[in-house]
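The values are calculated or read from the model by the stated rules, or taken from the named source; none is laboratory data. This one's a predicted model, so the numbers in the text were calculated from it and none came from an experiment. Here the Cβ positions follow ideal geometry from the backbone for every residue, glycine too, while neighbour counts run over all protein chains shown. These area figures cover heavy atoms from the full protein model, side chains too; ligands, DNA and RNA do not enter into them. Shrake-Rupley method; radii C 1.70, N 1.55, O 1.52, S 1.80 Å.
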Amino acid sequence: MTRTSFPEIAPVRRETVQSRIHQELRTMLMAGHFQPGQALKINDLAAAFGTSAQPIRESIRQLVAERALDATANRSARIPLLGPEQLDDLRRTRLALEGLAAELATERATEEGISALSRIVDEELRADDKRDIGTSVAHNLNFHFTMYRMSGSEIIPPIIEGLWLRVGPHVRTAAEIFDAREGRGAELHVRAIEAMRRGDGPGTRAAIETDINRFFDLIRDMAPTED
């Protein structure tokens, strides 16, 4: 008799080079590794990743479809330049979705989850005191999405990721403008954790909304305007 099922064998996931590059570029965009208006050339990225042009080209095509990049005439891409109206639209949407995710996360928070957030903030504070902007920005990203995954929603975090793909290139700019030393950068994250410990969903939401508003206030005046 031919055996048609093997329940003891787990399926093997084959992750392609292209999918890994796509995910890496997404993370780099959200963490502010690229600057607004920066050109992303296929050959340069292929050399950096140590791969051929094809997976880079496909990854860029996907990111253009996600509106994370603008296509250019030579089939490369550039980081979008966001005007004041686009930034205001992103601000409103982030406030609505991330505020909701923060409240839901508070309702479902466990001591283990809150402790994980606290450890991230401790690392963020150390990076801020050293003026290590790249590390601080990475911890900022980790803090927000660790919290949003605690919401239990399968729908909200991926939508928020799409928003961060748009605003991520501005994150480093905001961090460079703002002096985060002596706890000033992570103070709102600390406040959010304190509210979560109290089971205060509106308080957590208020801290996250203030954090979002501070970010947009820092970058809005630098946005290009139409002639």
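Here ASP179 and ALA96 are evaluated by their C-beta separation; at R0 = 41 Å the FRET efficiency comes out at 0.90. Couplings 3J(HN,Hα) for the stretch 45-57, derived from phi with the Karplus relation 6.51 cos²θ - 1.76 cosθ + 1.60 (θ = phi - 60°), are 5, 4, 5, 5, 7, x, 9, 7, 6, 4, x, 5, 4 Hz, where x marks Gly and Pro.
Taking one quarter of the surface of the convex hull spanned by the alpha-carbon atoms of the chain gives a direction-averaged projected area of 16.6 nm². Ranked by the mean number of other Cβ atoms within 10 Å per residue, highest first, peptides 201-208, 36-43 order as 201-208, 36-43. Residue separation of LYS41 and THR146 scaled by 0.36 nm, minus their Cα-Cα distance, works out to 34.6 nm of gained length.
Candidates PRO158, LEU188, ALA127 compared by Cα position along the dipole of the chain: farthest toward the positive end lies PRO158, with charges placed on Cβ.
Per residue, the chain exposes 55 Å² of solvent-accessible protein surface, assessed with a 1.4 angstrom probe and all protein chains in place. Here the gap between THR27 and THR135, fully extended at 0.36 nm per residue and compared with their Cα-Cα distance, gives a gain of 37.5 nm.
Summing Cβ point charges (Lys, Arg +1; Asp, Glu -1) relative to the Cα centre of the chain gives a dipole of roughly 800 debye.
Specify whether the C-alpha gyration tensor of the stretch 48-107 places it in the rounded, prolate or oblate class, a ≥ b ≥ c being the square roots of the eigenvalues: rounded for a/c under 1.5, otherwise prolate if a/b is larger than b/c and oblate if not. The shape class here is oblate. Applying the criteria of a DSSP loop state and at most 16 other Cβ atoms within 10 Å to the GluC sites (Glu not before Pro) of the stretch 25-100 yields GLU66. Distances between placed amide hydrogens fall under 5 Å for LEU40 paired with ALA77, ARG78, ILE79, all partners being 5 or more residues away or on another chain. Note on the chain: helix-only mean residue ellipticity at 222 nm, from DSSP H runs of 4+ residues weighted -39500 (n - 2.57) and normalised by residue number, equals -22000 deg cm²/dmol. Dipole of the chain computed with +1 at Lys/Arg Cβ and -1 at Asp/Glu Cβ about the Cα centre; of PRO55, PHE178, LEU81, farthest Cα towards the positive end is PRO55.
You can think of it this way: the chain between ARG108 and GLU85 has 4.8 nm of extra reach, that is 0.36 nm per residue less the Cα-Cα gap. Surface composition of the chain: carbon plus sulfur atoms hold 50% of the accessible area, using a 1.4 angstrom probe and ignoring ligands, DNA and RNA. With both labels modelled 7 Å from their Cα along Cα-to-Cβ, the ARG198 to ILE155 distance reads 3.0 nm. When +1 charges are put on Lys and Arg Cβ atoms and -1 charges on Asp and Glu Cβ atoms, the dipole computed for the stretch 31-74 relative to its Cα centre reaches about 40 debye.
Across the stretch 61-189, the mean sequence separation of Cα contacts (distance under 8 Å, 6 or more residues apart), normalised by length, yields a relative contact order of 30 percent.
Dipole magnitude for the stretch 11-146: about 740 debye, using +1 per Lys or Arg Cβ and -1 per Asp or Glu Cβ, origin at the Cα centre. Evaluating kT/(6 pi eta Rh) at 4 °C and 1.567 mPa s, with the Kirkwood radius of the stretch 142-216 over Cα pairs in the Stokes-Einstein relation, gives 97 µm² s⁻¹. Residue by residue, the stretch 161-170 carries 3J(HN,Hα) couplings of 4, x, 5, 5, 4, 6, 9, x, x, 8 Hz when phi is fed to the Karplus relation 6.51 cos²θ - 1.76 cosθ + 1.60 (θ = phi - 60°); x denotes Gly or Pro.
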